[in-house]
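Asker: Would you mind keeping the following structure in view while I ask a few things?
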Amino acid sequence: MQNSKIKEELDFKDLLKNPIRLFGYTYFYVFVILLGLGIYYVHNLTDMTKNKVMPTIISTTIENDLPMMQPSNIPPVDISTISVPTPELLEKGKILYKNNCASCHGDEGKGDGAAGSVMNPKPKNFSENTGWINGRKISELYKTLDEGILKSGMPSYNYLPVEDRFSLIHYVRTFAQDFPKDSDFDLQLLNSTYKLAEGKTTSAQIPVKVAERIVLEENKTRLKESAQLLELLNKMSTTTGNEVFERVCVDKNLTAGLLSSNLFKQKNKSEIFQIIVSSPLNYGFSPKFILLNSNDWDALYNYLNKLTEQKNG
Ligand code: HEC
């Protein structure tokens, strides 16, 4: 018993001294482990190549183009009437409140709307009379709507028409009985700060993408026109106008460009003369153009004009 133990120990030491023999004894286990790893690897191949962190997809398209806007004419408001809550204003305010504010401030103005539940600070509870940043007077509420309180997530509603803002303010002020009154001075200051008595007109606006398309279309038709005119310029002959033209024109391409432009369509004979004289080369004419007498110019103008009519006809 004792002997065999010692023998085992000796064998073990012997093994350590002979790595090749050691491998002989262990290679089976190494093989099994490698096989196991191999099977595991193949099994999970699809998952292993996946990114742990989802790649961020950066959009390369412009999503916030200008909105299509009708020209608007926001009428001036009279502060002394609009600052009084009428049933009409309150009714309008109620609808606007539901659509714009209730998601955060709650249907009853308690600051408990679903969208506001994760906000910090919480959307204002309108029935509380403490902790207001701008305040509860009409003039102060107007400031809040105009500027928002951006650092805490209260949006600005400065795109709403003035009357809509007052409707909202009057409606918000129904959530408690103790909203403070504005003095005449407060209202006058509000009036002058936001120029309420002036009203505002804004012009129509179209998205940049649409504008680009329109310009492209316009240019396409203009290029086509220009090509047609060039063809005609090359063809026309044996009129006095044509003789003058051949004398002073050095680049028919440029002249065709001028004829297809709005400039030529909208200005009268002497205005066009002035325009060409100011820089003849730009319009395809030699500097000799400046020396044309009025008869020559008449003939040339009639010729060019007839040409553009021909193209149209
Ligand atoms: C996205 C959520 C959200 C929406 C939508 C929202 N609010 Fe707020 N509002 C807030 C938060 C948050 C505060 C609190 C700001 C603070 O205390 O810093 C707040 C505060 C206010 C205050 C208090 C300002 C003060 O002086 O302390 C008023 C008034 C107000 N909102 C009115 C409105 C009205 C009216 C609408 C709709 C036209 C609206 N809010 C829509 C989140 C919102």
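The values are calculated or read from the model by the stated rules, or taken from the named source; none is laboratory data. Quick caveat: nothing in here was measured; it's all calculated off a predicted structure. With ideal geometry, Cβ positions are generated from the backbone for all residues, glycine too; neighbour counts draw on all protein chains shown. When the accessible area is computed, the model is the full protein with side chains, heavy atoms only, and any ligands, DNA or RNA have been set aside. Shrake-Rupley method; radii C 1.70, N 1.55, O 1.52, S 1.80 Å.
Asker: I'd like the FRET efficiency for residue 134 and residue 201, computed as 1/(1 + (r/R0)^6) with the beta carbon distance as r and R0 of 30 Å, rounded to 0.05. Before the final figure, lay out each step's value.
Answerer: On the way: r = 28 Å, r/R0 = 0.94.
It comes to 0.60.
Asker: How about residue 269: which lysines have a C-alpha closer than 27 Å to its C-alpha, ignoring those fewer than 8 places off in the same chain?
Answerer: The reachable lysines, counting only those whose Cα sits under 27 Å from residue 269, are 220, 224, 235, 252, 288, 306, 311.
Asker: With every protein chain present, what is the per residue accessible area of the stretch 230-282 (1.4 Å probe, Å²)?
Answerer: For the stretch 230-282, the solvent-accessible area averages 56 Å² per residue.
Asker: I've got another one for you. Around residue 149, which amide H atoms from residues at least 5 apart in sequence, or from another chain, sit under 5 Å from its own amide H, with H modelled in the peptide plane?
Answerer: For residue 149, whose amide H was placed from the backbone, the distant partners under 5 Å are 154.
Asker: Let me know the shape class of the chain, please: from the alpha-carbon gyration tensor, a ≥ b ≥ c as square roots of the eigenvalues, rounded when a/c is under 1.5, otherwise prolate if a/b is greater than b/c, or oblate.
Answerer: Verdict is oblate for the chain.
Asker: Could you give the size of the charge dipole of the stretch 74-202 about its Cα centre, using +1 on the Cβ of each K and R and -1 on the Cβ of each D and E, expressed in debye and rounded to the nearest 20?
Answerer: Roughly 320 debye, rounded to the nearest 20.
Asker: I need to check one value: relative contact order of the chain, counting alpha carbon pairs closer than 8 Å and at least 6 residues apart, in percent.
Answerer: Computed over the chain, the figure is 17 percent.
Asker: Here is a further query. So, with +1 on the Cβ of K and R and -1 on the Cβ of D and E, and no other charges, what is the size of the charge dipole of the chain about its Cα centre, to the nearest 20 debye?
Answerer: Values: 36 positive and 36 negative charges, 199 e Å.
Charge dipole, the chain, about its Cα centre: 960 debye, nearest 20.
Asker: What order, most packed first, do the peptides 154-161, 30-37, 89-96 have when packing is the mean number of other Cβ atoms within 10 Å of each residue?
Answerer: 89-96, 154-161, 30-37
Asker: Taking all protein chains together and a probe of 1.4 Å, list 11, 186 from the most accessible to the least accessible.
Answerer: 11, 186
Asker: Hey, got the dipole for the stretch 208-312? About the Cα centre, +1 on K and R Cβ, -1 on D and E Cβ, debye to the nearest 20?
Answerer: Value, rounded to 20: 240 debye.
Asker: Now, a different point. Can you send over the carbon and sulfur percentage of the accessible area for the chain, probe radius 1.4 Å, protein chains only? Display every interim value, and only then the final one.
Answerer: Numbers: 12750 of 21770 Å².
The C+S portion of the solvent-accessible surface of the chain is 59 percent.
Asker: Scan the chain and note any complete DSSP helix (H) whose C-alpha atoms cover at least 30 Å along its axis and whose Kyte-Doolittle average is 0.0 or more.
Answerer: Result, helices passing both filters: 19-43.
Asker: Students often check this: by mean Cβ neighbours within 10 Å, which of 244-257, 210-223 ranks highest, and how do the rest follow?
Answerer: In decreasing order of mean packing, 244-257, 210-223 become 244-257, 210-223.
Asker: Continuing with this model, one more query. Among 153, 216, 22, whose Cα projects farthest towards the positive end of the dipole of the chain, with charges put on the beta-carbon of Lys, Arg (+1) and Asp, Glu (-1)?
Answerer: Among 153, 216, 22, the one farthest towards the positive end of the dipole of the chain is 22.
Asker: Among 106, 249, 239, flag the residue with its Cα farthest along the positive direction of the charge dipole of the chain, charges on Cβ as +1 for Lys/Arg and -1 for Asp/Glu.
Answerer: Value: 249.
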